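J.: Structure in structure tokens, see below.
The values are calculated or read from the model by the stated rules, or taken from the named source; none is laboratory data. Remember, predicted model here, so these are calculated numbers, not experimental data. Cβ placement follows ideal geometry from the backbone for every residue including glycine, while neighbour counts extend to all protein chains displayed.
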């Protein structure tokens, strides 16, 4: 498999959750996992939480593949999908709404704000939350039952959490917001807990009011990040289903704010937030 050669990329971020976008539609297949590891390195590469490939699709005008900074492939990324929608819209490949094939199925991002011909805010129908242990990838218990306010043990400490899939798996832990030490200590242990053989995204959530929460993220394959779109949707799905909040919630993350809403008529989560292009370049290691 080809692993060398120059690679053109565009860097975008959603509230600091940054990715390197590569138009792979006309590129030969290569070791994308290795490329993600080398390009994402913040000291010896370009620096990012991962790479996102723009790929052909048989069921939508375009598809996306996501490789985390450690080379693992992810099913979905809400911030990444908003970035892709902006990338396509700004290059006149995308109207106000378009279908995109993801590892979590076909999703429909919609541009909701434009400045000087460039998209600034995108809304994404994230689909329905999935509650069964089978959908989340939990190795214990009845696969058809939810993992809701259940107890996990980590180094002798009992943590109560709820798990949900938004196309990728999330573990939601309510209480005081974790500090840096707690995030760095508990995040990787929970991510790789033996109950989650495919690993899981971990989120500390503090409820501020019926319409506001704060979050911190430990993302599967990327570690601590400034934002996680699917995690925000997952947190609001759990918070509203458990009666902690209303169905439309403003979510503060280290990188800024997103708005997530559970739409009862469809049973879907809808996420709205910004996307920013940082710049373009050529990755050409010597």
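J.: Can you tell me which of 137, 167, 231, 221 is modelled with pLDDT of 95 or more, crowded, with 16+ Cβ neighbours inside 10 Å and more than 18 Å from residue 245 (Cα to Cα)?
T.: 137
J.: Consider residue 86 against the criteria (1) touching a strand residue (DSSP E or B) at 6+ places or on another chain (Cβ under 8 Å); (2) assigned to a loop (DSSP other than H, G, I, E, B); (3) at pLDDT 95 or above: it satisfies all of them except one. Which criterion is unmet?
T.: Checking residue 86 against (1) touching a strand residue (DSSP E or B) at 6+ places or on another chain (Cβ under 8 Å); (2) assigned to a loop (DSSP other than H, G, I, E, B); (3) at pLDDT 95 or above, the one that fails is (2).
J.: Here is a list of conditions, (1) within 21 Å of residue 219 (Cα to Cα); (2) out of contact with any helix residue (DSSP H, G or I) (no Cβ under 6 Å at 6 or more places or on another chain); (3) touching a residue at least 24 places away in the same chain (Cβ under 8 Å), and residue 42 meets all of them except one; can you say which number that is?
T.: (3)
J.: Considering the range 45-54 alone, what residues qualify as being more than 15 Å from residue 13 (Cα to Cα) and in contact (Cβ under 8 Å) with a residue 40 or more places away in the chain?
T.: 45, the sole residue that qualifies.
Listed here are the residues, each with its yes/no results for (1) free of Cβ contacts under 8 Å to residues at least 12 places away in the same chain; (2) assigned by TED's automatic domain parsing to the domain that holds residue 226.
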residue	(1), (2)
87	no, no
91	yes, no
111	no, no
126	no, no
148	no, yes
172	no, yes
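J.: Here is a further query. Within the range 267-285, restricting attention to residues that are more than 25 Å from residue 119 (Cα to Cα) and in contact with a strand residue (DSSP E or B) (Cβ under 8 Å, 6 or more places away or on another chain), which residue is modelled with the highest pLDDT?
T.: Per the stated criteria, the residue is 283.
Here is a yes/no grid of residues against (1) closer than 24 Å to residue 66 by Cβ; (2) in contact with a strand residue (DSSP E or B) (Cβ under 7 Å, 6 or more places away or on another chain); (3) in a helix (DSSP H, G or I):
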| residue | (1), (2), (3) |
| --- | --- |
| 193 | yes, yes, no |
| 197 | yes, no, no |
| 204 | yes, yes, no |
| 213 | no, yes, no |
| 232 | yes, yes, yes |
| 236 | yes, yes, yes |
| 261 | yes, yes, no |
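J.: When residue 167 is evaluated against the numbered criteria (1) outside any loop (DSSP other than H, G, I, E, B); (2) within 18 Å of the chain's Cα centre (by Cα), which criterion, by number, is the only one it fails?
T.: Answer for residue 167: the failing condition is (1).
J.: Condition first: buried (at least 19 other Cβ atoms within 10 Å of the Cβ) and under 30 Å from residue 100 (Cα atoms). Now tell me which residues in the range 140-164 satisfy that.
T.: Once the filter is applied, which keeps residues that are buried (at least 19 other Cβ atoms within 10 Å of the Cβ) and under 30 Å from residue 100 (Cα atoms), the range 140-164 yields 146, 147, 162, 163, 164.
J.: Tally time: how many residues in the range 259-273 are surrounded by 16 or more Cβ atoms within 10 Å (Cβ to Cβ) and more than 17 Å from residue 76 (Cα to Cα)? Spell out the reasoning first.
T.: Of all residues in the range 259-273, those surrounded by 16 or more Cβ atoms within 10 Å (Cβ to Cβ) come to 259-262, 268-273.
Subsequent filtering for residues that are more than 17 Å from residue 76 (Cα to Cα) retains 259, 261-262.
So the count comes out to 3.
J.: Can you name every residue in the range 111-133 that is out of contact with any helix residue (DSSP H, G or I) (no Cβ under 6 Å at 6 or more places or on another chain) and either modelled with pLDDT under 95 or within 18 Å of residue 88 (Cβ to Cβ) (or both)?
T.: 112, 113, 114, 115, 116, 117, 120, 121, 123, 125, 127
J.: Can you pull out every residue in the range 98-110 that is closer than 18 Å to residue 269 by Cβ, surrounded by 14 or more Cβ atoms within 10 Å (Cβ to Cβ) and out of contact with any helix residue (DSSP H, G or I) (no Cβ under 9 Å at 6 or more places or on another chain)?
T.: Matches in the range 98-110: 99, 103, 108.
J.: Sticking with this structure for a sec: Please count how many residues of the range 196-208 are over 19 Å from residue 73 (Cα atoms) and buried (at least 20 other Cβ atoms within 10 Å of the Cβ).
T.: Total satisfying the criteria: 3.
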